[in-house]
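Below: the structure, in structure tokens.
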Amino acid sequence: MHNTLNDHVALVTGASSGIGRAIALALSRAGAKVVVGARRAERLDALVAEAPGEMLAVTLDVTDPDSATAAVAAAVERFGRLDSLVNNAGLMLAGPVVGADITEWVRMIETNLLGSMYAAHAALPHLIESRGAIVQVSSTSGRIASAGNAAYAASKFGINAFSEALRQEVTARGVRVTVIEPGFVATELTSHITDPVMREMAAGIQQSMRTLTADDIANVVVFALGQPDHVAVNQILVRPADQVQ
């Protein structure tokens, strides 16, 4: 891939594995300076060692607004600016509503929805200054809810709603907001599921199709961020060719 983001400064949340890790490496290959945030510091250190370009690791818990603020501050202190925020941190704990462990609902809302909101809030003053961009990694579950995924879908629908309202607020100030809605991606996300029936179902669905890879989504992020300033790619829905819904 040709360098398209030379000297661009990006902060990627949830960068210790899966899609976030792939996004961080793809941005680095494209010439960006990348700040990677997650709770698993040892994985971030390994990521920094692998990156082809300059990369900074910061311990980040997106459910803590102070942690989000500190991560943004570390990025600006190191590189002098912030050009994009990629809100990727996420958690999927599928299961039926009846008999649900509602602490799992809280974890998903805090991580998927509030976490992205906290990070956006912290980053926005700097993104307005740089006329930068926010990329929100949502899901096909952000537009089509399904049985067994009520709380997860609620968190992703929330991301989509927040992102559209934010877009309307900041587009005139030069900040672009992009929502990316991946379908089935081969990552460790489904391993978070504690309900054995739902975990087995998710595994079966993945085995039934040619799933997307984390790199597929990373390439979409690079595409969106690499557009000229006058081009806003606001929403990208990307499914495996074999996925029906």
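Within the set of pairs 6 or more residues apart or between chains, which connect a residue that is without any contact (Cβ under 8 Å) to a residue 40 or more places away in the chain and buried (at least 19 other Cβ atoms within 10 Å of the Cβ) inside the range 162-186 to a residue that is assigned to a helix (DSSP H, G or I) and among the hydroxyl-bearing types (Ser, Thr, Tyr) with Cβ atoms less than 9 Å apart?
Matching pairs, first to second residue: Ser163/Ser116.
Looking only at residues in the range 117-142 that are in contact with a strand residue (DSSP E or B) (Cβ under 7 Å, 6 or more places away or on another chain) and in contact (Cβ under 8 Å) with a residue 60 or more places away in the chain, which one is farthest from Arg39 (Cα to Cα)?
Checking each candidate, the answer is Thr140.
Could you grab me the full set of residues in the range 50-73 that are in contact with a strand residue (DSSP E or B) (Cβ under 9 Å, 6 or more places away or on another chain) and either of a type in the set (Val, Ile, Thr) or more than 13 Å from Thr13 (Cβ to Cβ) (or both)?
Of everything in the range 50-73, those that are in contact with a strand residue (DSSP E or B) (Cβ under 9 Å, 6 or more places away or on another chain) and either of a type in the set (Val, Ile, Thr) or more than 13 Å from Thr13 (Cβ to Cβ) (or both) turn out to be Ala51, Gly53, Glu54, Met55, Leu56, Val58, Thr59, Val62, Val72.
How many residues are without any contact (Cβ under 8 Å) to a residue 60 or more places away in the chain and either acidic (Asp, Glu) or under 17 Å from Asp64 (Cβ atoms) (or both) when one looks only at the range 11-34?
Going through the range 11-34 one residue at a time, the tally reaches 1.
Mind listing whichever residues of the range 157-184 are of a type in the set (A, V, I, L, M) and more than 18 Å from Ile19 (Cβ to Cβ)?
Listed by number, the residues that qualify are Ala161, Ala165, Leu166, Val170, Ala172, Val175, Val177.
If you go through the range 14-41, how many residues are charged (D, E, K, R) and over 15 Å from Val221 (Cβ atoms)?
Residues flagged as charged (D, E, K, R) and over 15 Å from Val221 (Cβ atoms) within the range 14-41 amount to 3.
Return the only residue of Ala30, Ala10, Ala70 being closer than 19 Å to Ala122 by Cβ, of a type in the set (A, V, I, L, M) and in contact with a helix residue (DSSP H, G or I) (Cβ under 7 Å, 6 or more places away or on another chain).
Among Ala30, Ala10, Ala70, only Ala10 is closer than 19 Å to Ala122 by Cβ, of a type in the set (A, V, I, L, M) and in contact with a helix residue (DSSP H, G or I) (Cβ under 7 Å, 6 or more places away or on another chain).
Yes/no per residue for (1) in a strand (DSSP E or B); (2) on the phi > 0 side of the Ramachandran plot; (3) of a type outside the set (D, E, K, R):
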| site | (1), (2), (3) |
| --- | --- |
| Ile19 | no, no, yes |
| Ser28 | no, no, yes |
| Gly31 | no, yes, yes |
| Val48 | no, no, yes |
| Asp66 | no, no, no |
| Thr69 | no, no, yes |
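Considering only residues that are touching a Leu at 6+ places or on another chain (Cβ under 9 Å), outside any helix (DSSP H, G or I) and closer than 24 Å to Ala232 by Cα, which ones fall in the range 91-135?
Gly132, Ala133, Ile134, Val135
If you scan the range 58-100, which residues turn out to be surrounded by fewer than 20 Cβ atoms within 10 Å (Cβ to Cβ), among the β-branched types (Val, Ile, Thr) and either touching a Cys at 6+ places or on another chain (Cβ under 8 Å) or in contact (Cβ under 8 Å) with a residue 24 or more places away in the chain (or both)?
Thr63, Thr69, Val76, Val97 - these are the residues of the range 58-100 that are surrounded by fewer than 20 Cβ atoms within 10 Å (Cβ to Cβ), among the β-branched types (Val, Ile, Thr) and either touching a Cys at 6+ places or on another chain (Cβ under 8 Å) or in contact (Cβ under 8 Å) with a residue 24 or more places away in the chain (or both).
Which condition breaks for Ala49 when tested against (1) farther than 28 Å from Ser146 by Cα; (2) touching a helix residue (DSSP H, G or I) at 6+ places or on another chain (Cβ under 7 Å)?
For Ala49, the failing item is (2).
The numbers here are math on the coordinates, done by the rules we state, and not lab data. The shown structure was predicted, so the numbers you read here are calculated from the model rather than taken from an experiment. FYI the Cβ positions are ideal-geometry reconstructions off the backbone, even for glycines, and counts take in every protein chain you see.
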